[in-house]
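The values are calculated or read from the model by the stated rules, or taken from the named source; none is laboratory data. Just so you know, these numbers come straight off a predicted model, no measurement behind them. Here the Cβ is made from the backbone with ideal geometry for all residues, glycine too, and neighbour counts use every protein chain on show.
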Amino acid sequence: MIEGILSITFMMQVLRMFTPYYLGASAANFSERGGVINIAIEGFMIISAFSYASITIFTGNPYSGLFGSVAVGILFSLLYSFFTIKLKINQIVIGVGFNLLMAGIAKFLMLMFFQSSSNTPSFTQVPVLPFLSSIPLVGDLTGDSIIIFALILVVLSQILIYKTKFGLRLRSVGENPEAAETLGIKVRIYKMWGTIICGFLASLGGIWLASNQNSFSDGMIAGRGYIAIAAMIIGKWKPVNIFFACLMFAFFESLEIVLQISGSGIPSQLIQMLPYLITILVLIGFVGKTKPPAADGVPY
Amino acid sequence: MSKNLKANILSISISLIATLFILFIFLFFVGRDPFFVMETMFTEVFGTGYGIGQALFKATPLIIVGCGLAFCFQASLFNIGAEGQLNLGVFGMSIVAYVFDDSLGLLVVPVAIICGFLLSAFWGLIPAYVKIKRGVSEVITTIMLNFISLALINYLLIEFLAVKSTVRTEKILDYVSIPQLSNYFEIFQGSSVNLTFIFAIILALVTHLIFYKTRFGYKLRAVGLNPKASKYLGINSDRMTVISFMIGAGITSLVGLNFVFGYKSYYEYGFSNNIGFTAIAVTLLAKNNPIGIIFTSLLFGVMDYGGLAVNTIVPKEIMLVFQALVILSILSFDRLVKIYYLKES
């Protein structure tokens, strides 16, 4: 079992599992930095994984799947900002509604398009670029480039949030919208940008999962959208800390697979529980206090 | 009629019409005749006593969980964790019932119910405690606790308690059961609706009295409306958080009456089929009013069974979309009515 964990394959597995977590957590973070809570990351991932799979199947072209699915994600995030920013409805409740809506639409359309309640047909493997295939990540081009993007995103979001005018304004909107307004910042526009980036990143997470599996199946997101939110909280809304939190969750998920294969006798349900249990323990305060942006979830 | 009541009726009716409208367009675009779908649904549900009975059977757990959630929502506590709470309670309930059904006789029913209630209440205590002590939003904790609860049950079932190669517990002895309504009303013949439905109605009425006619209910709503002001009224809002969370979570376990004692005689993993989330919609739609919850649950029950009835024409998953649309439209029209009719800012 120890060799199993120390191997390159295992590390690559961790990196692969890390990708959807980090994309989801980063998505939630951009939204919350602007003061908009989005607990519908799960739903965003479901709808974009489904749109990626179905558009790719119908057009035979993964790039139209990629762009189409990102467009769907952004469309839903615009709808989300209409409800939460324009109408100022409670963000949690809207989040619950969005999760139900997006999961429902995916299930319904899957039955309409593919006459199956469990999964879409699998789409053909997308060609792998020669220089990328030398890196030991198995998968297609879309999948591989998303993994690399997720790694770059750690640095990118750190810079974007802390070193740019946009990031400073986004944070000010999330911390103290009244003060931001008096400085001439268009609060609602920044909040909207936060949710749009959120929709974009979350849909990349969904796309990665579908492309990794070459299909969409019911329940494939399996609570990753929620774990992503947990990672954001444990990472205290800081891109680098979130990176480590996601890495930890990815480690446990990969460990679960190794344990299942090696038949170690440790029940997999207990390991499945770990990310959530850790989050609760962190929240109770074993790992220091977590503090969200001051105006998080408060409509403005 | 007060202006607020008028506004409520206005927003509920507009949103139902809007939802139906969107649903019709949606059905039209996927190439189904919306009128035919609706017609089939109504004749299937209301045409036979069996159909009505099944709709009532589907509505029963929603009424119960809705009342539980209303306890939390009235105090402005967003309990997203009903799914985990009710599963744990019903699981415990069925285990106790199975272990003691022989030794305790019919007394096992109240004992099992109390155990289930306490288990669920304990699961509700955790988010309340974390909220009070650490100021962490109950939304996050309840979501996490849902996963923990289900994984824990799954673990206990598969490792110790399930009947071999199934995900259900052992059957409880036959005589420990809640009578079917068809025993008293011939018309419901064949459907699974049982006395729990009557119990659920009574529960809703009692909850209504508690909310609007007792000091406790007054305090609960005061905390929900304005926690700071209620402090000056001498209300201990921390205490109210704990009490409402525990009672609310505890009530959700009572769906076990319908499923375990009234229907299957065992706990089955996944029996709840997201009742905990659907009930959020039911409760919101009713504006946390228990009498309203009866009606919204009946609506969702009809939709639920109606979905099955039209499954040959259009996938029953259309009802998931419908339920989500109901939530979103009630929330937005509520807001719009507040702005344009009640002239609030």
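Couple of notes before you dig in:
- Within the range B:209-232, the set of residues being outside any helix (DSSP H, G or I) and not β-branched (Val, Ile, Thr) comprises just one member, B:ASN226.
- Output for the range A:34-84, where each listed residue is of a type in the set (Phe, Trp, Tyr) and within 30 Å of A:ALA294 (Cα to Cα): A:PHE44, A:PHE76, A:TYR80, A:PHE82, A:PHE83
- The combined condition, being of a type in the set (Val, Ile, Thr), farther than 25 Å from A:ILE257 by Cα, surrounded by 24 or more Cβ atoms within 10 Å (Cβ to Cβ) and at pLDDT 95 or above, is not fulfilled by A:ILE41.
- The single condition among (1) part of a helix (DSSP H, G or I); (2) within 14 Å of chain B (Cβ to nearest Cβ); (3) buried (at least 23 other Cβ atoms within 10 Å of the Cβ); (4) of a type outside the set (S, T, N, Q) that A:GLY206 does not satisfy is (2).
- When B:VAL302 is tested against the conditions (1) modelled with pLDDT of 90 or more; (2) β-branched (Val, Ile, Thr); (3) farther than 30 Å from A:GLN115 by Cβ, the lone failure is (3).
- Check on B:GLY124, of a type outside the set (Lys, Arg) and at pLDDT 95 or above: yes
- Residue that is among the small types (Gly, Ala, Ser), outside any helix (DSSP H, G or I) and touching a residue at least 12 places away in the same chain (Cβ under 8 Å), where the choices are A:GLY43, A:GLY24, A:GLY35: A:GLY35
- Some residue of the range B:83-93 being farther than 15 Å from B:ILE247 by Cα, out of contact with any Leu (no Cβ under 9 Å at 6 or more places or on another chain) and among the polar types (S, T, N, Q): no
- Residue that is nearest to A:ILE37 (Cα to Cα) [pool: residues in the range B:131-148 that are facing chain A (nearest Cβ under 7 Å) and free of Cβ contacts under 8 Å to residues at least 24 places away in the same chain]: B:ILE140
- If you filter the range B:215-254 down to residues that are within 16 Å of B:PRO290 (Cα to Cα) and out of contact with any Leu (no Cβ under 9 Å at 6 or more places or on another chain), you find that the one that is modelled with the highest pLDDT is B:ILE247.
- Among residues of the range A:209-234 that are in contact (Cβ under 8 Å) with a residue 24 or more places away in the chain, those with a Cβ under 7 angstrom from a residue that is assigned to a loop (DSSP other than H, G, I, E, B) and of a type in the set (D, E, K, R), sequence gap 6+ or separate chain, pair up as A:SER211/A:ASP140.
- Residue match in the range B:170-180 (condition: crowded, with 22+ Cβ neighbours inside 10 Å, assigned to a helix (DSSP H, G or I) and away from chain A (no Cβ under 14 Å)): no
- Flag for B:ILE132 being of a type in the set (Val, Ile, Thr), outside any helix (DSSP H, G or I) and in contact with a Ser or Thr (Cβ under 7 Å, 6 or more places away or on another chain): no
- So A:TRP237, is it aromatic (Phe, Trp, Tyr), under 30 Å from A:LEU87 (Cβ atoms) and within 14 Å of chain B (Cβ to nearest Cβ): yes
- Residue within the range A:83-90 that is in a loop (DSSP other than H, G, I, E, B), of a type in the set (A, V, I, L, M, F, W, C) and free of Cβ contacts under 8 Å to residues at least 60 places away in the same chain present: yes
- Among the residues of the range A:209-224, those identified as in a helix (DSSP H, G or I) and within 14 Å of the chain's Cα centre (by Cα) are A:LEU209, A:ALA210, A:ARG224.
- The residue that is surrounded by the most Cβ atoms within 10 Å (Cβ to Cβ), among those in the range A:73-102 that are more than 7 Å from every other protein chain (Cβ to nearest Cβ) and aliphatic (A, V, I, L, M), is A:MET102.
- Out of A:VAL258, A:VAL282, sole residue that is part of a helix (DSSP H, G or I), away from chain B (no Cβ under 13 Å) and over 21 Å from A:GLY167 (Cα atoms): A:VAL258
- Single condition A:TYR190 does not satisfy, out of (1) within 14 Å of another protein chain (Cβ to nearest Cβ); (2) in a helix (DSSP H, G or I); (3) over 30 Å from A:GLN115 (Cβ atoms): (1)
- Test for B:ALA55: is it out of contact with any Phe, Trp or Tyr (no Cβ under 7 Å at 6 or more places or on another chain) and either within 17 Å of B:VAL193 (Cα to Cα) or among the small types (Gly, Ala, Ser) (or both): no
- Any chance B:ALA128 is within 14 Å of chain A (Cβ to nearest Cβ), surrounded by 19 or more Cβ atoms within 10 Å (Cβ to Cβ) and under 17 Å from B:LYS264 (Cα atoms): no
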